[in-house]
1. If you line up the long axis of helix 219-236 against the longest principal axis of the chain, both from Cα atoms, how many degrees apart are they, to the nearest 10?
2. What accessible area per residue, rounded to a whole number of Å², is obtained for the range 524-634 using a probe radius of 1.4 Å?
3. Based on the Cβ-Cβ distance from Gln147 to Glu507, what FRET efficiency comes out when R0 is 51 Å, to the nearest 0.05?
4. Can you compute the FRET efficiency between Ser611 and Glu374 using 1/(1 + (r/R0)^6), with r the Cβ-Cβ distance and R0 = 51 Å? Round to the nearest 0.05.
5. Between Arg107 and Ala538, what is the spin-label point distance in nm, taking each point 7 Å from the Cα along the Cα→C-beta axis?
6. Mind grabbing the accessible area of Thr329 for me, 1.4 Å probe, Å², rounded to tens?
7. For the modelled label position 7 Å from the Cα of Arg619 along Cα-to-Cβ, which residues of the range 570-597 have backbone nitrogen atoms closer than 15 Å?
8. Alpha carbon centre of the range 115-136 versus the range 581-607: separation in Å?
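The values are calculated or read from the model by the stated rules, or taken from the named source; none is laboratory data. Bear in mind that the values here come from a model prediction, so they are computed numbers and not experimental data. With ideal geometry, Cβ positions are generated from the backbone for all residues, glycine too; neighbour counts draw on all protein chains shown. The protein model used for the area step is the full one, side chains on, heavy atoms only, and it has no ligands, DNA or RNA in it. Shrake-Rupley method; radii C 1.70, N 1.55, O 1.52, S 1.80 Å.
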Amino acid sequence: MAIRLGIDEALRTRSANGNAAGRYQVSLNEYVAEAILGAIPDRLSDFVLRATAHDAIDPALATVLWGDAGGASLLSDCVAYGLPLNRADTDSPTWRWNPAFAAQTRRILAARDPQLAIESAVLAANGLRSTAPSAAAGLALEGQAPQLAFEIIEEYWILWLLEDRVTSLDRLCRRLPLPWSERPDTLLIRACCSQRSRQEEEASRLRARAQQRSGLLGQSERDRFDVLHTYAELLLATGDDALDRASKRAVAILDQQSNERPALHASVLFLAGFAEMRLRRDGRLAVSLLQDAASIYLANGMEALGHRATAYAAFVHAYHGEFNDAVRTVAPGTAVAAFGGKEINGAIWLARGWVAYWRNDLDAAESSLRLAAEALDEPPAGPSTALQFLVLTAAARGHSADLSRAIDDLNRIAPDGAYGIPWESIRRTVAALIAERRGDLPGARELARTASTGEHVPINAVLLAALHRRLGDHARARRCLADAGVAAMPYTRAHAAVVEALLSLDEGRRDEAHLALERALDCAAPEGVRRCFAENAADLRPLLEEHSIWGTSHEALVLDLLHDSGSPPVDFGLSPRELEILRFMRTRITAAEMAEALYISIATVKTHQRSIYRKLGVRNRREALIAALTSGLI
């Protein structure tokens, strides 16, 4: 241990001095060569010169660099001799050389045996290709193996972009010598780097150069470029049509290829799933692609991206109204921090907030959506979506503090057209809802009239329809419902049907109102949708009270909605014993079982039941329960 501490201190001191004056660099080099390498057996010294090709080493890499299984044993000898390497903070048996020491041993090997230094770098690149690909690409360049470096870049470039390692990827591409640095695929990768860095002009220039140079390729190289070009379009496409073509083409390419390069395969699946998510169309395909990506990532130790794909799959489920699946994908009891990363956590919070809003759990919606808005900075599961629903939640809750903060949230929503979404129309709609909640009906009416429904945004159209109806403008309400079309999401279909039911009720067409209400219940029941009913609770209550008698397949849900809508209990003059029996009547127990539980006769129970029916003005047990629930008796 004393030797080890002495080496570490000498390296630290001499390395620091070397940064101050070049003459110390020579003495540090001599110190490593003579005082350290010269003091250990020749065989171990030779091993150290090869084993320090990379700062990190494990038994597998030691075996590769030494050329046989003896490398692992020699690595153990290095530890035993107290050479300057520390155990890395990982589950695997990985060690890290002192950086100053490793830098000097590489210089020593390059001076003594340049060819061995090159060969060691290439061996290390191949050994690290699957576990540390970025380092492997750099080592391949040091080993004068640009083809190997390019192959590693080609395999991992999308992964690195998804991990936000844009600068290091661009630097690797620039380090490639000619002709690799001017290959059209290299230029296209650099274009994607520029696009991710929001350097649109540079991205366009590189993209054009790549396309121009692709015309010089032979057929096999052209085919290879076309594949990479398809993948790049998933990042570079600006319009929905181009993105749609790229997504379909990418999935078709993957279907024809084996999964020999899991990082690339999973990353393309992720981008294709993200594209489907951005296009807001086939939720099942988006979820399938994202879940396949997550499975491959997690199986190959890429946990952060695996959790990211899972988080986005949860949001896709939520967006498409598959609330039960969204909850199962990321269970509410899961500690979000365990997934790691702002974007991952943001997508999880957005999915939870989305589900909570439509299930009318407004406190949970507000807290989850606030966390999502603070964490996200990427479309489509981005801050503007979270902010939009934060404002809707504020309007639903009606707290003065929430309404004041909602104005600030409105101003943070993205500019119109960003990510292909009509944000200005959405902004006007939610601003109108805030004005209505504040009692500013003229302001709400003006905002609602100037807001468009927004192309391909049925949620906005239905919210506007509901608002126009409450403001008394049935003609505009019906036009908005027509703009919404046949919405795919169950929460939007439920909301549209509720608005249709209320319009019919307002116009005196009660049977049509009940038919529309039943359609709303059909859509809402499977996924626990409640918000559309709560938003119109006062207007819906008379219709709901009639609906159980009219006939419904969702009697329990109707009773729950009536209970949730609330009203002061009506005093029907029931005695304490009658109230006790009425509560028993909610259960499935028989009159005989009631009598046994209350220590009275069956005849007495039936007498009380007849009295209850008479006082409530009903004919049977079912009608008595409906009356009791709607009146707040139980």
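1. Compared with the principal axis, the helix lies near 50 degrees.
2. Numbers: 5710 Å² over 111 residues.
With all protein chains present, the range 524-634 gives 51 Å² per residue.
3. Details: r = 75 Å, r/R0 = 1.47.
So, using R0 = 51 Å, E works out to roughly 0.10.
4. On the way: r = 59 Å, r/R0 = 1.16.
Computed FRET efficiency for Ser611 and Glu374: 0.30.
5. 8.2 nm
6. 40 Å²
7. none
8. 82 Å
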